[in-house]
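Student: Just passing along the structure, written as structure tokens.
The values are calculated or read from the model by the stated rules, or taken from the named source; none is laboratory data. Model, not experiment: these values are computed from the prediction. Backbone-built Cβ (ideal geometry, glycine too); neighbour counts: all protein chains shown. Calculation scope for accessible area: heavy atoms of the full protein, side chains included, ligands and nucleic acids excluded. Shrake-Rupley method; radii C 1.70, N 1.55, O 1.52, S 1.80 Å.
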Amino acid sequence: MGRRMNTPAHLLLGAAAFGDPERRHTTTAAIIGALAPDLSLYLMAGVALIVLQIPPQVVFDELYFSDAWQQIFAIDNSVFVWGAVLAFGLWRRTSWIVALGGAALIHLVTDFVLHHDDGRPHFWPLSNWIFESPISYWDSRNGARVVAPLEALLAAACYVVLWRRYETWGPRLGFGVVLGAELFVMRNWLVFF
């Protein structure tokens, strides 16, 4: 069944790596970049599940792996697309573009190493090859009982960094909610998979 690294962990990691309390637009771009590679999945699965009322097994066992869905995933999960965004931001010396591209690339790197049989073609447009990692963050048959708690620990460490960096309660609370979502989702992976 198709899964992704817990999106909340991506958000915390992207914000910790590229967020800047002095530049709200840079932090926002880091959060958007961390979310962007999963956004098409949320939109397509949401429409399929909620609007079209397609059963979850069909959505995640069939549609997720269909050529049409994989082609869309190839674009928004391409290291070349996000690498170009990062390179453009560095060339222009524009912090929010660097944050956008950099956070998306961190997302892709973590997905690359943590997806056993549900990865995405990260090297589009040069290749549609999909790496099958020996480990999985969600599937206990492929190491999730070790990986998921380590991922949660990384997310908690990112939250500590963000807590210290952002001195106002709004961001602290917002990132705390994201950490809570990460812990909840991680618990579900371990209990159900």
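Student: What is the number of the single condition among (1) modelled with pLDDT under 95; (2) of a type in the set (A, V, I, L, M, F, W, C); (3) under 16 Å from residue 14 (Cα atoms); (4) surrounded by fewer than 17 Cβ atoms within 10 Å (Cβ to Cβ) that residue 152 does not meet?
Tutor: With respect to (1) modelled with pLDDT under 95; (2) of a type in the set (A, V, I, L, M, F, W, C); (3) under 16 Å from residue 14 (Cα atoms); (4) surrounded by fewer than 17 Cβ atoms within 10 Å (Cβ to Cβ), residue 152 is out only on (4).
Student: Among the residues of the range 17-33, are any charged (D, E, K, R) and more than 30 Å from residue 153 (Cβ to Cβ)?
Tutor: No, because not a single residue in the range 17-33 is charged (D, E, K, R) and more than 30 Å from residue 153 (Cβ to Cβ).
Student: Name every residue in the range 158-179 that is part of a helix (DSSP H, G or I) and either among the aromatic types (Phe, Trp, Tyr) or without any contact (Cβ under 8 Å) to a residue 24 or more places away in the chain (or both), in order of residue number.
Tutor: 159, 160, 163, 164, 169, 170, 172, 173, 174, 175, 176, 177 - these are the residues of the range 158-179 that are part of a helix (DSSP H, G or I) and either among the aromatic types (Phe, Trp, Tyr) or without any contact (Cβ under 8 Å) to a residue 24 or more places away in the chain (or both).
Student: Do you know which of the residues in the range 1-50 that are under 16 Å from residue 77 (Cβ atoms) and touching a Ser or Thr at 6+ places or on another chain (Cβ under 6 Å) is surrounded by the fewest Cβ atoms within 10 Å (Cβ to Cβ)?
Tutor: Only one residue fits best here, namely 38.
Student: Can you work out which of the residues in the range 110-149 that are open to solvent by 50 Å² or more (accessible area, probe 1.4 Å) and part of a helix (DSSP H, G or I) is nearest to residue 29 (Cα to Cα)? Don't jump to the end; show me each part of the working.
Tutor: First pass over the range 110-149, keeping only residues open to solvent by 50 Å² or more (accessible area, probe 1.4 Å): 112-113, 117, 123-126, 128-132, 134-135, 141, 145-146, 149.
Now restrict to residues that are part of a helix (DSSP H, G or I): 112-113, 141, 145-146, 149.
On the way: 112: 22, 113: 24, 141: 35, 145: 32, 146: 31, 149: 27 Å.
In this case the residue turns out to be 112.
Student: Within the range 157-167, which residues are more than 16 Å from the chain's Cα centre (by Cα) and among the hydrophobic types (A, V, I, L, M, F, W, C)?
Tutor: Residues satisfying the conditions are 157, 160, 161, 162, 163.
Conditions tested, residue by residue: (1) open to solvent by 40 Å² or more (accessible area, probe 1.4 Å); (2) among the acidic types (Asp, Glu); (3) under 30 Å from residue 65 (Cα atoms); (4) in contact with a helix residue (DSSP H, G or I) (Cβ under 6 Å, 6 or more places away or on another chain).
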{"residue": "81", "(1), (2), (3), (4)": "yes, no, yes, no"}
{"residue": "96", "(1), (2), (3), (4)": "yes, no, no, yes"}
{"residue": "108", "(1), (2), (3), (4)": "no, no, yes, yes"}
{"residue": "161", "(1), (2), (3), (4)": "yes, no, no, yes"}
{"residue": "168", "(1), (2), (3), (4)": "yes, no, no, no"}
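Student: Next question. Pairs please, first residue from the range 20-32 and touching a residue at least 60 places away in the same chain (Cβ under 8 Å) and of a type in the set (Val, Ile, Thr), second anywhere and open to solvent by less than 10 Å² (accessible area, probe 1.4 Å) and in a helix (DSSP H, G or I), Cβ atoms under 6 Å, 6+ apart in sequence or on different chains.
Tutor: Partner pairs satisfying both residue conditions: 26/99; 31/15.
Student: Separate question: Please state which of the following conditions residue 71 fails to meet, knowing it meets all the rest: (1) part of a helix (DSSP H, G or I); (2) open to solvent by 20 Å² or more (accessible area, probe 1.4 Å); (3) touching a Leu at 6+ places or on another chain (Cβ under 8 Å).
Tutor: Every listed condition holds for residue 71 apart from (3).
Student: Related question: In the range 121-141, which residues are modelled with pLDDT of 90 or more and in contact with an Asp or Glu (Cβ under 8 Å, 6 or more places away or on another chain)? Give the steps one after another, and end with the answer.
Tutor: Just the residues of the range 121-141 that are modelled with pLDDT of 90 or more, to begin with: 121-135, 141.
Of everything in the range 121-141, those that are modelled with pLDDT of 90 or more and in contact with an Asp or Glu (Cβ under 8 Å, 6 or more places away or on another chain) turn out to be 122, 132.
Student: A follow-up question, please. Within the set of pairs 6 or more residues apart or between chains, which connect a residue that is closer than 11 Å to residue 78 by Cα inside the range 115-140 to a residue that is buried (at least 19 other Cβ atoms within 10 Å of the Cβ) and among the aromatic types (Phe, Trp, Tyr) with Cβ atoms less than 9 Å apart?
Tutor: These pairs meet every condition: 120/73; 121/73; 124/73.
Student: Give the residue that is nearest to residue 105 (Cα to Cα), with candidates limited to residues of the range 37-59 that are part of a helix (DSSP H, G or I) and not aliphatic (A, V, I, L, M).
Tutor: 37
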